[in-house]
Amino acid sequence: MNAMANALLFTVLVDQHWFGLVLVGSQVALVCSVLALLVIWWFEWRNGRVW
């Protein structure tokens, strides 16, 4: 019974770890996309194409 509880605990921890990695990865992707849009906007603004 103890081994089964340990296996269940390990599964929960691994699932939380992967969930955390997915969460961090999505936040990093969001920040990178916003930065890319700001860089594009800045280039367009410098060229006078933003109205």
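See the values below:
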| item | result |
| --- | --- |
| Carbon + sulfur, % of accessible area of the chain - ligands and nucleic acids excluded, 1.4 Å | 77 percent |
| Rounded accessible area per residue of the chain, 1.4 Å, Å² | 96 Å² |
| Given [x] 1.43; [y] 1.52; [z] 1.56, the label whose value is Rg/Rh (Cα atoms, Kirkwood Rh) derived from this model | [y] |
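The values are calculated or read from the model by the stated rules, or taken from the named source; none is laboratory data. Note that this is a predicted model, so its numbers are computed, not measured. Accessible surface is based on the protein model in full, side chains and every heavy atom, while ligands, DNA and RNA are left aside. Shrake-Rupley method; radii C 1.70, N 1.55, O 1.52, S 1.80 Å.
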